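In what follows, a structure is listed as structure tokens, so that the remarks can point back to it.
The values are calculated or read from the model by the stated rules, or taken from the named source; none is laboratory data. This is a predicted model, so every value here is computed, not measured. Please note: Cβ atoms are built from the backbone with ideal geometry, for glycine as well, and neighbour counts cover all protein chains shown. The accessibility values were calculated without ligands, DNA or RNA, using every heavy atom of the protein model including side chains. Shrake-Rupley method; radii C 1.70, N 1.55, O 1.52, S 1.80 Å.
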Amino acid sequence: MVVNNDLIADLQARGLIAQMSSEDELAKHLSEGSRTLYCGFDPTADSLHIGSLVPLLTLKRFQLAGHKPLALVGGATGLIGDPSFKAQERQLNTPEVVAGWVDKIRAQVSQFVDFDCGQNSAEVVNNLDWIGKINVLDFLRDVGKHFAVNAMIQKESVKQRIEREGEGISFTEFTYMILQSYDFAELNKRNDCTLQIGGSDQWGNITGGIDLSRRLNRSQVFGLTLPLVTKADGTKFGKTEAGTIWLDPAKTSPYAFYQFWLNTADADVYKFLKFFTFLSPAEIDEIEAADKAAQGRPQAQAILAREVTRLIHGQGGLTAAERITEALFSGDDEQLSAEDYAQLQLDGLPSSVLDPSTLGETPLTQVLADAGMAASGKQVKDALGRNAVFINGQPVGLDDMMNSPAVFAADRARFGRYFLVKLGKKKYHLFATAV
RNA sequence: GGAGGGGUUCCCGAGUGGCCAAAGGGAUCAGACUGUAAAUCUGACGCGAAAGCUUCGGUGGUUCGAAUCCACCCCCCUCCA
């Protein structure tokens, strides 16, 4: 197996390295042969979100460089809850729920790495397979004995839980670090895994595993963490008005996903290209230079959206997302054919069925709020008052609020049944009457 | 088990009997400006088209009137045992 020695340099150029244990030795270790590394993903929901994308893609980067990735799904740790940098104790989920999530996460994780590429084919492992079997006394004697509580409470990741007035940490969550450390030692023993990667919030857990592997297996293993993705304006990455951006297309449509990336701020977009795409740092620098030289709108966001959407949702998902975007934002939705409308629905443009005969006294605010265009009728009302609502290109205002039947009258529909409603600059919803 | 502190609208955080649907900040939404950026400015920000209705851990109570007072209960934190 040929390994690519430029991996660390590439990761550095992308800004993807937050911390590394024994830097020089790790670089040497990786350059001397194909290594096995792992990254854990706890089932905390029925889908991963884009917060997991950086580690996921980094596993892929290691695989492309000739190393063997293990994606660990935390069937056991997901039952406990990682306290790292969490302000509050978390609610435990039932074993049945977590088991269901494990299946989903396993399937998602599997999309990103190659399972059939010879020696460095990826594997998915579940820590419930070993943690689930260990008994308490063995655990306390063989594993727990290696951890000094004095050191554990010094970890930055649990400091605010320990020091902050009004918060605390249960023994259950406090133990999480030990479980994750044990994972690393176990994978080191059974798979010869010598590197763990993870978000920078995982540093404390990873170093715990490094120490434990040395004590238990007398082997040197390494850790590498990835930076927390931050935005220049200080707001949280990965959230929009509609909530978390999920990887599951059933939870976040490819169109919404594409739009999320397209809306990336200039100040973040080149960094994100390096984080989330496989374009080389040199190519990305060229894009940046070209954007700087040109006036007006940069091309970077479109490239980012295209690359990431294709990566997650495939060419089909990307095509659908671009089709909707083109139809809605090109400014000439009057050009759409009846087939185009049908296609937009299939592509995942938010849409719903409308029965004009039931509208009656229903205020327009309620119709749009019920369709999910706004969190409440109040917000729709605000938009109506500011002339921010358009139906098939025609402005509607407060006067129309109590006039839903007329607004959605058949003679105002496109092709007799479609109403494309725009609220604000970016929110679209397609209402269609039944055929 | 004992002593003390605390639970306020998405988050942080004011508010100790009426002027409180509840200060301020953040987040979010809409408008202007733009490039479906950023920054800035404006408006909204419990629900409701409105009349009005429902909130300040829970349940009762005092009062003309409670987020604010009382009782009990639940949860969290600190210290002691």
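Computed values, structure above
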quantity: Helix-derived mean residue ellipticity, 222 nm - over chain A, DSSP H n ≥ 4, -39500 (n - 2.57), to 500; calculated: -13000 deg cm²/dmol
quantity: Rg(Cα) / (2.2 N^0.38 Å) computed for the stretch A:78-184, rounded to two decimals; calculated: 1.27
quantity: Ranked order, A:W261, A:W203 - accessible area, probe 1.4 Å, largest first; calculated: A:W203, A:W261
quantity: Gaussian network model of chain A, Cα within-10 Å springs - most flexible of A:V421, A:V353, A:V158; calculated: A:V353
quantity: The stretch A:338-433: radius of gyration over Cα atoms, expressed as a fraction of 2.2 N^0.38 Å; calculated: 0.98
quantity: Cα-based helix-to-principal-axis angle, A:300-329 vs chain A, degrees rounded to 10; calculated: 10 degrees
quantity: Tail fraction, Cα-Cα pairs, the stretch A:239-330, threshold 17 Å, whole percent; calculated: 49 percent
quantity: Burial ranking of peptide ranges A:369-378, A:354-363 (average Cβ count within 10 Å, highest at the top); calculated: A:369-378, A:354-363
quantity: Solvent accessible area, Å² - A:F115, 1.4 Å probe, full protein context; calculated: 80 Å²
quantity: DSSP bridge orientation in chain A - percent antiparallel, rounded to nearest 5; calculated: 45 percent
quantity: Tensor-based shape of chain A (alpha-carbon gyration tensor, a/c under 1.5 rounded, otherwise prolate or oblate); calculated: prolate
quantity: Rounded, prolate or oblate (a/c below 1.5 giving rounded, otherwise prolate when a/b exceeds b/c) for the stretch A:138-230 by Cα gyration tensor; calculated: oblate
quantity: Fraction of antiparallel bridges per DSSP, the stretch A:7-226 only, in percent to nearest 5; calculated: 10 percent
quantity: Local electrostatic count, A:A406, Cβ distance below 12 Å [Lys/Arg +1, Asp/Glu -1]; calculated: -2
quantity: Nearest 10 degrees, 0 to 90: helix A:53-64 Cα axis against chain A principal axis; calculated: 60 degrees
